[in-house]
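A.B. asks: What follows is a single structure, and I will ask about it in a moment.
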Amino acid sequence: MTNRTGERVRYWRIRRGLDRATFASRVDRSPSWVKAIENGQRELTRLPLLERVAQALGVTVQALTDPVEAERATRAPDAAEIAAITGALEHYEVILGGPVDALEHPRPADLTKRVNFLDEAFLASRFSSIGRDLPKLLIEAQRAAKEQPGAESIRVLVKVYRIASSTLLKLGADQTAWLAADRAMIAAQATDDLYTLARATRSVSRAMTNLGRTEAALDALLAMAARMQPEVATSTLEVAAMYGMVLLAAEIAAAKYGDVHTALAMHDEASEVARRRFAAGASDKETAFGPTNVDLHWVSALVRLGRPGEAVQHADGIDRAALALLPRERRGTFSIDLALAYHQLGRYAEAEAVLLAAERIAPEEARCRPGSNTLIASLVNAPSRSPSAELRALARRAGVQA
């Protein structure tokens with residue numbers, strides 16, 4: 001163990017929002033002792049004390065002492081932060097108007113700015129940034145919608161719920177993701193804002209799909225698409241993009257359900273909206289909807305329909321320059337879908353190459369998602385081949401047993 005242990009203690013203390021005095025009291029030491037540990041002036045070597053420090057920080061001892069585990073642990077919201085997100089969703093006194101700390105009454109402009117920052121973090125696949133800030137932001141957005149009701153505060157609240165649900169789905173916390181998405185749906189029904197209702201519908205349907213309620217999810221998406229369709233031709237670009245994203249969500253749900261006809265119909269309609277409203281290579285800033293994203297979703301749908309050969313063929317035709325303009329989350333997800341297609345075809349070397357490329361594009365996407373970890377494990381243990389040193393290293397970084 002080196003002085004890097006002290007650096008990691010400082011990292012997790014700050015990530016947990018603890019000042020030195022509070023943290024020192026939790027480990028029965030002085031603030032000056034904490035400062036000396038963090039600055040490398042003292043070493044933290046005794047196991048009982050290491051365990052006490054780790055417990056106070058809500059991490060494992062290995063997250064403080066082992067370089068690979070330490071690096072992996074920083075890459076996503078961990079169990080403590082997921083618990084904090086769940087706790088924020090359980091703050092019913094906030095929704096009902098109970099007493100809340102005065103610090104949780106931010107200015108609307110400041111709240112919007114912080115929500116947008118987390119949305120950008122999600123699109124960049126920086127899930128660890130989301131885990132630190134989301135619990136408090138959930139409470140504040142719920143309070144703002146309660147005290148200042150209106151379309152704008154509800155739109156912000158639904159966006160926070162969507163970020164929470166989408167992040168939790170990435171990490172496999174499907175039940176809590178559904179809770180956040182359901183809250184978004186309830187909030188959105190209080191406004192006639194079509195954009196907000198569509199965003200909430202998309203979130204709740206994705207959560208339902210992950211929980212195996214694919215048919216109900218598809219029904220909700222199709223109903224939302226039917227409601228939006230008459231207005232799309234004359235709508236703002238923002239609403240058209242959200243309509244397109246509802247169609248793409250319906251396409252993926254239909255593919256998971258094995259409904260080829262509906263998946264293709266949704267894909268064709270989304271393609272037409274993208275063609276009419278967006279130039280080639282262009283996309284909506286907030287949703288990333290556009291012609292290239294439509295292509296990426298069709299690759300994903302083909303994989304889920306059990307047609308990996310067609311998925312690879314379609315992926316080969318995607319403009320790489322246009323692809324490079326999309327957010328990291330979209331590019332990382334596409335790479336994982338493509339790697340899965342290669343894996344289904346038994347083309348393991350190509351699957352491995354694409355998966356390693358996905359990690360370079362969006363490290364947290366490749367290392368933290370349960371689906372990614374399953375794919376890594378399958379490639380490491382694929383028959384009749386020896387995994388490369390690079391794949392084994394990725395497995396270690398992802399915490400996958402090789």
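A.B. asks: Of the residues that make up the range 264-280, is at least one crowded, with 22+ Cβ neighbours inside 10 Å and of a type in the set (Ser, Thr, Tyr)?
C.D. replies: no
A.B. asks: May I ask you to say which residue of Ala188, Ala181 is under 25 Å from Arg328 (Cβ atoms) and hydrophobic (A, V, I, L, M, F, W, C)? Outline the logic, then answer.
C.D. replies: On the way: Ala188 fails: under 25 Å from Arg328 (Cβ atoms).
The unique qualifying residue is Ala181.
A.B. asks: Within the range 313-402, which helices (runs of 4 or more DSSP H) (wholly inside it) include 1 or more residues that are closer than 19 Å to Phe127 by Cβ?
C.D. replies: Details: elements: 320-323, 328-344, 348-361, 363-368, 370-380, 389-398.
Passing ranges, in order: 328-344, 348-361, 363-368, 370-380, 389-398.
A.B. asks: Same structure, new question: Here is a check on your reading of the model: is Glu215 of a type in the set (Asp, Glu) and within 22 Å of the chain's Cα centre (by Cα)? If you could, list the steps in order and put the result at the bottom.
C.D. replies: On the way: of a type in the set (Asp, Glu): yes; within 22 Å of the chain's Cα centre (by Cα): no.
For Glu215, the condition - of a type in the set (Asp, Glu) and within 22 Å of the chain's Cα centre (by Cα) - is not met.
A.B. asks: Out of everything in the range 332-370 that is open to solvent by less than 30 Å² (accessible area, probe 1.4 Å) and polar (S, T, N, Q), what residue ends up being farthest from Ser386 (Cα to Cα)?
C.D. replies: The residue in question is Thr333.
A.B. asks: Quick one: in the range 155-197, which of the residues that are among the hydrophobic types (A, V, I, L, M, F, W, C) and open to solvent by 30 Å² or more (accessible area, probe 1.4 Å) is nearest to Gly87 (Cα to Cα)? Explain how you work it out, then say what you get.
C.D. replies: Restricting attention to the range 155-197, the residues satisfying the condition of being among the hydrophobic types (A, V, I, L, M, F, W, C) are 156-158, 160, 163-164, 168-169, 171, 173, 177-181, 184-188, 190, 194, 197.
Next cut, open to solvent by 30 Å² or more (accessible area, probe 1.4 Å) only: 171, 178-179, 185-186, 190.
Numbers: Leu171: 17, Trp178: 14, Leu179: 12, Met185: 19, Ile186: 19, Ala190: 24 Å.
Across the range 155-197, the extreme among qualifying residues is Leu179.
A.B. asks: Hey, can you tell me all the residues within the range 119-154 that are open to solvent by 20 Å² or more (accessible area, probe 1.4 Å) and either in contact with a strand residue (DSSP E or B) (Cβ under 8 Å, 6 or more places away or on another chain) or among the hydroxyl-bearing types (Ser, Thr, Tyr) (or both)?
C.D. replies: Ser153
A.B. asks: If you take the residues in the range 209-226 that are of a type outside the set (A, V, I, L, M, F, W, C), over 15 Å from Met266 (Cα atoms) and free of Cβ contacts under 8 Å to residues at least 40 places away in the same chain, which one is surrounded by the most Cβ atoms within 10 Å (Cβ to Cβ)?
C.D. replies: In this case the residue turns out to be Arg213.
A.B. asks: Looking only at the range 106-118, count every residue that is surrounded by fewer than 18 Cβ atoms within 10 Å (Cβ to Cβ), over 19 Å from Gly17 (Cβ atoms) and out of contact with any Ser or Thr (no Cβ under 8 Å at 6 or more places or on another chain) and tell me the total.
C.D. replies: Looking only at that region, the number is 4.
A.B. asks: Which condition number does Ala253 fail, the rest of (1) open to solvent by 20 Å² or more (accessible area, probe 1.4 Å); (2) farther than 22 Å from Ala322 by Cβ being met?
C.D. replies: Only one criterion in (1) open to solvent by 20 Å² or more (accessible area, probe 1.4 Å); (2) farther than 22 Å from Ala322 by Cβ is unmet by Ala253, namely (1).
A.B. asks: Can we say Ala24 is under 29 Å from the mean Cα position of the chain (by Cα), open to solvent by less than 10 Å² (accessible area, probe 1.4 Å) and not charged (D, E, K, R)?
C.D. replies: Numbers: under 29 Å from the mean Cα position of the chain (by Cα): no; open to solvent by less than 10 Å² (accessible area, probe 1.4 Å): yes; not charged (D, E, K, R): yes.
Considered against the rule, which asks whether it is under 29 Å from the mean Cα position of the chain (by Cα), open to solvent by less than 10 Å² (accessible area, probe 1.4 Å) and not charged (D, E, K, R), Ala24 comes out as no.
The values are calculated or read from the model by the stated rules, or taken from the named source; none is laboratory data. Since the model is a prediction, treat every value here as computed from it, not as a measurement. Glycine gets a Cβ as well: all are built from the backbone with ideal geometry, and neighbour counts include every protein chain shown. What goes into the accessible areas is simple: the full protein's heavy atoms, side chains included, and nothing from ligands, DNA or RNA. Shrake-Rupley method; radii C 1.70, N 1.55, O 1.52, S 1.80 Å.
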